[in-house]
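Asker: Please find one structure pasted underneath; my questions will follow.
All of the numbers you see were taken from the coordinates with simple rules; none came from a lab. Every value quoted in this text rests on a predicted model; they were computed, and no experiment measured them. No Cβ is skipped: glycine too gets one built from the backbone with ideal geometry, and neighbour counts run over all protein chains shown.
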Amino acid sequence: MNIILLAPPAAGKGTQSLKIVSKYGLTHISTGDLLRESLKRHDELSDQIREVMNRGALVSDEIILRLIEDVMSSTEHGIIFDGFPRNLNQAKKYEELLTKLGQSIDLVLYLEISKEEAEKRIVGRRTCSNCGKVYNTMIEREKPLHEETCDVCETALTHREDDNVSVFRLRYETYMNETEPLIHFYEEKGLLKRIDASLESEEVFHSIVEVMDSLI
Ligand code: ADP
């Protein structure tokens with residue numbers, strides 16, 4: 001099964017991906033995580049990528065598609081993409097790649113949330129760099145048990161460089177200009193399902209499970 005999670009920044013793509021993976025056993029691929037991983041190399045390319053990410057823009061399609069081809073050639077099971085495709089060109093290239101591999105997209109989950117709600121989530125967001133679990137220090141029910149450490153694996157939590165209000169607003173603008181048109185693109189193909197992502201994460205997941213179970 002190949003799934004795409006489509007959503008504005010901070011809608012909960014990462015959180016829901018982890019839940020989907022543990023229930024359905026798909027491979028989770030987050031282009032944001034792959035890019036953040038590549039920043040650790042500190043070479044010329046990673047400096048360029050950091051600069052683009054920190055102004056809320058999109059990394060070039062060429063770099064992204066190279067990353068995608070690499071991961072897809074080494075993945076046998078179904079994939080859940082989080083943060084890809086992010087514009088029409090990526091969506092079309094992804095289709096071509098799937099056709100070449102004799103595969104297709106089964107479902108596009110669109111996590112709907114208002115800009116205001118997403119912005120509230122940004123400032124307190126913390127992520128475990130080891131297991132990927134996402135916390136929010138500003139939201140009571142999403143705080144870690146011990147300040148700044150992961151409940152699951154006790155790794156120190158990290159705060160993303162691009163998780164501040166000013167970069168969030170730029171990321172949101174990029175989303176509206178480049179990614180939002182994909183809603184119509186996938187709706188026309190009959191692949192899009194809308195999920196209310198403003199609810200508590202367990203409730204959001206419950207809606208996702210309903211949709212996914214109806215497809216299996
Ligand atoms: P969020 O889920 O909050 O939008 P991501 O981790 O998905 O954050 O992405 C962070 C940044 O990484 C984006 O703002 C963008 O600069 C870059 N990025 C991630 N995925 C893509 C992609 N498919 N194409 C281009 N840039 C990307």
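Asker: Determine the equivalent ellipsoid of the chain by diagonalising the alpha-carbon gyration tensor, then write out the semi-axes as square roots of 5 times the eigenvalues, largest first, rounded to whole Å.
Answerer: In descending order, the three semi-axes are 25, 21, 18 Å.
Asker: Taking θ = phi - 60°, what integer Hz values does the Karplus form 6.51 cos²θ - 1.76 cosθ + 1.60 yield along the stretch 166-174, in sequence order, with x for Gly and Pro?
Answerer: The phi angles translate into 5, 5, 4, 4, 5, 4, 5, 5, 4 Hz.
Asker: Taking every DSSP beta bridge that has both residues in the chain, what percent is antiparallel when rounded to the nearest 5? Walk me through the numbers on the way to the answer.
Answerer: Numbers: 6 of 22 bridges.
Taking every DSSP beta bridge with both residues in the chain, the antiparallel ones total about 25 percent.
Asker: Under the 0.36 nm per residue contour assumption, what length would be gained going from the current alpha-carbon distance of GLU37 and LYS115 to full extension?
Answerer: 25.4 nm
Asker: Using the C-alpha gyration tensor of the stretch 1-86, what are the square roots of 5 times its eigenvalues, in whole angstrom, with the largest one first?
Answerer: Each semi-axis is the square root of five times an eigenvalue, giving 23, 15, 11 Å.
Asker: While we're here: Which order do PHE81, PHE205, PHE185 fall in if you start with the one that has the fewest other Cβ atoms within 10 Å?
Answerer: Lowest to highest Cβ neighbour count: PHE185, PHE205, PHE81.
Asker: Taking amide H atoms as placed 1.01 Å from N in the peptide plane, list the residues 5 or more away in sequence, or in a different chain, whose amide H sits under 5 Å from that of SER30.
Answerer: ASP82
Asker: Hey, what number do you get for the chain at 222 nm if only DSSP H runs of n ≥ 4 count, each worth -39500 (n - 2.57), divided across all residues, to the nearest 500?
Answerer: Theoretical 222 nm ellipticity from helices: -14000 deg cm²/dmol.
Asker: Determine the gain in length on full extension of the stretch HIS159-GLU96; use 0.36 nm per residue of separation and subtract their C-alpha separation, reporting nm with one decimal. Please report the intermediate quantities before stating the final value.
Answerer: Details: separation 63, 0.36 × 63 = 22.68 nm, distance 3.57 nm.
The span from HIS159 to GLU96 would gain 19.1 nm if fully extended.
Asker: What list of ³J(HN,Hα) values in whole Hz, one per residue of the stretch 146-153 in order, does the Karplus curve 6.51 cos²θ - 1.76 cosθ + 1.60 (θ = phi - 60°) give from phi, with Gly and Pro shown as x?
Answerer: So the Karplus estimates, Gly and Pro as x, are 10, 3, 6, 10, 6, 5, 7, 10 Hz.
Asker: Under a crude label model (7 Å from the Cα following the beta-carbon direction), how far is ASP106 from GLU44 in nanometres?
Answerer: Placing both labels 7 Å beyond Cα along the Cβ direction yields 4.3 nm.
Asker: Pull up all non-local amide H partners of LEU6: gap of 5 or more, or a different chain, and H-to-H distance under 5 Å with H placed in the peptide plane.
Answerer: Long-range HN contacts for LEU6: LEU109, TYR110, LEU111.
Asker: Whole-Hz Karplus ³J(HN,Hα) for the stretch 38-46, in order, using 6.51 cos²θ - 1.76 cosθ + 1.60 and θ = phi - 60°, x for Gly and Pro?
Answerer: 5, 5, 5, 6, 6, 10, 5, 5, 5
Asker: Which residue fluctuates the most in the chain, going by a Gaussian network model with Cα springs under 10 Å, if the choices are GLU142, GLU116, GLU180?
Answerer: Of the options given, GLU116 has the highest mean-square fluctuation.
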